[in-house]
Amino acid sequence: MPEISYDRYPSYDDLTGWLEQFAADFPDLVRLTSIGQSYEGRELWLLTVTNHAVGSPDEKPAIWIDGNIHASEVTAAMAIVHLVDHLTGSFGADDDITRALDTRTFYLVPRVNPDGAELAGAELPSFVRGSVHPWPFTEQQAGLVGEDIDKDGRILQMRIQDRNGAWKPYGNDPRLLVAREPDEEGDGPYYRLLGEGLIHDYDGVLVPSAPFKEGIDPNRQFPYKWERKVDGPWGAGEYPGSEPEIAALLAAVTERKNICAYFAYHTFSGVHIRAYSDQPDESFAADDLWTYEVLGQMATDLTGYAAISGYHDFRYHPKSVIHGVGTDWAYDHLGVYAWTTEFWNALHAAGLDDAHPLEWYRTHPLDEELQLLAWVDENVPGGYVDWYEYEHPQLGRVELGGWHSELVFRNPPVHLLEAEIRPHSQLAVRTALSSPLLRHRDTLVDRLGDDTWRIRVVVENAGWMTTSVTSRAVDSGYVRPMIARIELPVDATLVTGEQRIDLGQLDGRAQMQNAVRSFASGSDGTDDRAVAEWIVRAPAESVCSVEVAHDRAGTIRTTVDLV
C-alpha cells in the first residue's frame, strides 16, 4: 500500500505515483487508466475500483467522483485519494466496504485539471481558476496581474496609502483593515488594497484588474444551457467541451451507463450543492426532489456540511444564475443524483457557524472578522501576515501582507486535512450502497405438457433508488429499460413470448417511502418486482439460460433446468 502523506498536497508526479502504487498493490480492486490528456499533455487518471473478481465493473451500479477541476482546489484530489485508501485498506475487514466493492463500482478521477494544479503548487505559485489555455486572448491584457513579486512562495495583498482609499487600520489591531465610514474624512491613514502583482502596460496612473489570460472556467464547459460568457472574468470557451479535460470527462461519463450518482469535489464553502443552479425546486419531479432531500440529509449527518440548492442558496449574485455546471448536466442530461461538494470552510472552523458561504465575504460584522483572525493566529501560522514594506518596481513603496487566502480559505491547513476529508469517504460508500441493485428472487418452472414448459424468472430491485435512478432519466430518454433474454438449446422453441422482453423500470425503497408512511393507510405494493415469462417447447432435462440486465442496476444470469 502506498504511504499516503496527508500532511501535504501532492504534485502531479507524486499523485501519479500514489495511484500507480494502489493499482500495483491491489490488482483485484484497482485498475488505473487514462481518459485523455490535459491541455499540456498530462494524463487524466481514472481509477476503477471494485472487486474485479466478482463481476465486470460495467455490470454493477456505479458512483462517479471527480475532483480538482479548479486549479488550486487541491483538497478535492486528496479526498479521492483518501477514498481509495479507505476502500482498499478496509476491504475484507469492513462489511459495508466489502459489500460495496463486491456489488458496486467506483469511478474516480482525482485531478481533472493537472496543469492548473501544478501552477498552484509550484515553488513560486501562479494561480489560475481553471484551464491554462489562453482564452480569449493569447497575449496578456493591460492591468494588474497576480504574481509573487518578492519570490517568497506567497501571493498576498498590497496596501498603498491613498487619501481616497476605502480602508483604514482597525484601532485595536492595526494589522486588520476595516471599511472607512461612508461619511468619513480626515488624515487617515487610508489605504487602497490591491492583489500582490505587477501591472502590465502600466501608464503610471491607472491600475485596472487585468483580464485573465487563462480565462476559461472548466465548470462552465458542460452542455447544460452552455453560454460563452459567464460570471466574473471567466468564460466558458468556444463550445461545450472545447477544452480537452472536459471533453475527456464528458466522454468517460457518458460511456459508463451504469453511473447512478455523481460527485464533483471542489473547495471552499463546506456545503453539498445540488442541482439546479438556474431553476427553482419546482422544476423537479416530486420523487426526485424528495429523494435528493433524503440523500442530502444523509450527507449532512455524516459530514456536517449543509445540503443546499444551487439556485436557492448559492448564488454569486442575487440577480444572476450560472450555466454549464457539471452537476446540473449530470442531473438534467443523465438523470443521476449529482452533488458539488465544496470542501472546507475556514469561517465554520473558527466557530462562525451561521456565516453564509458567499455573502460573508461581502459583508459581515467586525467582531466576526476578529474571531476569524484570532482563530487563524492560533491555528494557521502565517495565515495572516503582518504588513511589511516592499519597493514595488512600478508603484514604489508599498506594504505586502494581510490574509494569505490560499493558506486560510482555499484549502484546509494540512494538519486539518485528513479530519476534513475522512467523513466524505464514508459518504461515498453509503451513497454507492443506496443505488439500485437487481437481485434474482425466484425461478418458477411449470410443466404444461410432455414437452411444454412455462418459465418465470422473478427479479427484484434490492436497492434504495429506482432502477432508472431518477424520473428525470426516464423523461429525458437517457436511461434504457430492464431487458430479459432467454437462450434456448438447439432442440427447443418458443411457444409464446419474445426472446427479448422489455421489463421497464423497478421501484426501490425510496419510492415506497415517498409514497406512504407506516402509520398511513395504503400499501407498498410490489412495483419493485418483475416477472419475465416464456412458454417453451423442449425435451425434458433441457437447460435454458436467462439474463436480466439493466444499465444502472446490474445484470443477473441464471440457468433454468426443465425437470
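The values are calculated or read from the model by the stated rules, or taken from the named source; none is laboratory data. On a predicted model such as this, the values are computed, not experimentally measured, just so you know. Reconstructed Cβ throughout: ideal geometry from the backbone, glycine too, with neighbour counts over all protein chains shown.
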If we ask which residues in region 8-25 are outside any helix (DSSP H, G or I) and surrounded by 20 or more Cβ atoms within 10 Å (Cβ to Cβ), their number turns out to be 2
Every listed condition ((1) hydrophobic (A, V, I, L, M, F, W, C); (2) free of Cβ contacts under 8 Å to residues at least 24 places away in the same chain; (3) part of a helix (DSSP H, G or I)) holds for ALA510 save (2)
Of the conditions (1) in contact with a Cys (Cβ under 8 Å, 6 or more places away or on another chain); (2) of a type in the set (Ser, Thr, Tyr); (3) within 20 Å of LYS257 (Cβ to Cβ), the single one that THR470 does not satisfy is (1)
(Q) Suppose the filter is assigned by TED's automatic domain parsing to the domain that holds LEU46 and either surrounded by fewer than 18 Cβ atoms within 10 Å (Cβ to Cβ) or touching a Pro at 6+ places or on another chain (Cβ under 6 Å) (or both); does VAL253 pass it? (A) no
Scanning region 217-266 residue by residue, the ones that are without any contact (Cβ under 8 Å) to a residue 40 or more places away in the chain and of a type in the set (Ser, Thr, Tyr) total 2
Of those in region 536-563 that are of a type in the set (Asp, Glu) and closer than 23 Å to THR467 by Cα, the residue surrounded by the fewest Cβ atoms within 10 Å (Cβ to Cβ) is GLU547
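From the list VAL531, VAL560, VAL469, which one is at positive phi and either touching a Leu at 6+ places or on another chain (Cβ under 8 Å) or modelled with pLDDT of 95 or more (or both)?
On the way: VAL531 fails: at positive phi; VAL560 fails: at positive phi.
Going through VAL531, VAL560, VAL469 in turn, just one is at positive phi and either touching a Leu at 6+ places or on another chain (Cβ under 8 Å) or modelled with pLDDT of 95 or more (or both): VAL469.
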Cβ pairs under 6 Å, 6+ apart or interchain, first in region 124-144 and more than 11 Å from ALA210 (Cβ to Cβ), second assigned to a loop (DSSP other than H, G, I, E, B) and among the acidic types (Asp, Glu), ordered by first then second residue, are LEU124/ASP148; ARG129/ASP217; GLY130/ASP217; SER131/GLU243
Turns out the helices (runs of 4 or more DSSP H) fully within region 339-449 with at least 2 residues that are free of Cβ contacts under 8 Å to residues at least 40 places away in the same chain and touching a strand residue (DSSP E or B) at 6+ places or on another chain (Cβ under 7 Å) are 366-379
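Table: residues versus (1) touching a Phe, Trp or Tyr at 6+ places or on another chain (Cβ under 6 Å); (2) in the same structural domain as ALA117 (by TED's automatic domain parsing); (3) of a type in the set (A, V, I, L, M, F, W, C); (4) farther than 27 Å from GLY235 by Cα.
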site	(1), (2), (3), (4)
GLU3	no, no, no, yes
GLY17	no, yes, no, yes
GLY36	no, yes, no, no
GLY41	no, yes, no, no
HIS52	no, yes, no, yes
ILE80	no, yes, yes, yes
Subset of region 145-192, residues crowded, with 16+ Cβ neighbours inside 10 Å, without any contact (Cβ under 8 Å) to a residue 60 or more places away in the chain and not small (Gly, Ala, Ser), comes to GLU147, ASP148, TRP167, LYS168, PRO169, ARG180, TYR190, TYR191, ARG192
Considering only helices (runs of 4 or more DSSP H) wholly within region 34-147, the ones with at least 3 residues that are over 21 Å from VAL408 (Cα atoms), aliphatic (A, V, I, L, M) and within 17 Å of the chain's Cα centre (by Cα) are 75-90
